[in-house]
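Only one structure is covered here, and it is reproduced in the block below.
The values are calculated or read from the model by the stated rules, or taken from the named source; none is laboratory data. Being a predicted model, the structure only gives us computed values, none of them experimental. Cβ sites come from the backbone with ideal geometry, for glycine too, and all protein chains shown count toward neighbours.
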Amino acid sequence: MERLSAQIAGKLEQEILAGQLPPGERLPSEEKLCARFEASRTVIREAIQQLRGRGLLRTLKGSGTFIADSNLETLGSAIQTYSVLAEEADFLELIDFRILVEGECARLAAKHAGSRAISKIRKALDQMEAVRGDRDRFSEADIAFHLAITEASGNRIYAALLGALEKRCIDYAQANRGDHDWYGGVIDHHRRIFEAIEAGQQDEASTAMRRHLLESRRQFVDLAG
């Protein structure tokens, strides 16, 4: 049977999404919620914590808990939390989501990226080459490369979503690649992505990105299996 706190969180979530509790409005006090739902303070606090974790509430110290405003930071935070807590089967679905969206980001970057965005992507690629052999610094440069492409896409929602996923996905991949010299192959993949974006080749950029991420997906499946 569903826990009472989850039932209460679900009811409040419906009211928030229906606009009955609009953004910026203060959530009723714990006392009022306890009376309304005939629940203890502990149960109400659990429900509030669940809603906060979903990005629907924000708490201001000394002021109370409020219905969250629509913002991309909240969206990204919720995705990041889910990615960290996700079990292996769920994480595989996140990888599939990343492949779909990031392939589109590469296509949009090839279409929209200006000289400044291209320079930022190139800088991250050059850094990957410069630190090959250093797993941690290479991972940082790898993340910077992908985030530079999401920014270059011009789609802020894509950038927020992928910004929340990149570190989790890339850190997992780097930590499980083994001790052989895999750096060159990864750099080659990224170079093909960059060259297609720089040349404005939209389909080629998307294809190169998807091929790169599909290889990472295969590696995850092999490890999970």
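Structure data summary
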| quantity | calculated |
| --- | --- |
| The range 16-34 - residue that is surrounded by 12 or more Cβ atoms within 10 Å (Cβ to Cβ) and not in a loop (DSSP other than H, G, I, E, B) and, of those, farthest from the chain's Cα centre (by Cα) | C34 |
| Pairs with Cβ under 9 Å, 6+ apart, first in the range 11-32 and among the polar types (S, T, N, Q), second part of a loop (DSSP other than H, G, I, E, B) | Q14/Q20 |
| From the options T65, T59, residue that is touching a Lys or Arg at 6+ places or on another chain (Cβ under 8 Å), buried (at least 17 other Cβ atoms within 10 Å of the Cβ) and either modelled with pLDDT of 90 or more or not in a helix (DSSP H, G or I) (or both) | T65 |
| Residue check, A124 hydrophobic (A, V, I, L, M, F, W, C), modelled with pLDDT of 85 or more, in the same structural domain as E93 (by TED's automatic domain parsing) and surrounded by fewer than 18 Cβ atoms within 10 Å (Cβ to Cβ) | no |
| Some residue of the range 85-107 being outside the structural domain of L12 (by TED's automatic domain parsing), in a loop (DSSP other than H, G, I, E, B) and touching a residue at least 60 places away in the same chain (Cβ under 8 Å) | no |
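Per-residue answers, yes or no, for (1) at pLDDT below 80; (2) in contact with a strand residue (DSSP E or B) (Cβ under 9 Å, 6 or more places away or on another chain); (3) part of a loop (DSSP other than H, G, I, E, B); (4) aliphatic (A, V, I, L, M):
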{"site": "E2", "(1), (2), (3), (4)": "yes, no, yes, no"}
{"site": "I48", "(1), (2), (3), (4)": "no, yes, no, yes"}
{"site": "D69", "(1), (2), (3), (4)": "no, yes, yes, no"}
{"site": "T81", "(1), (2), (3), (4)": "yes, no, no, no"}
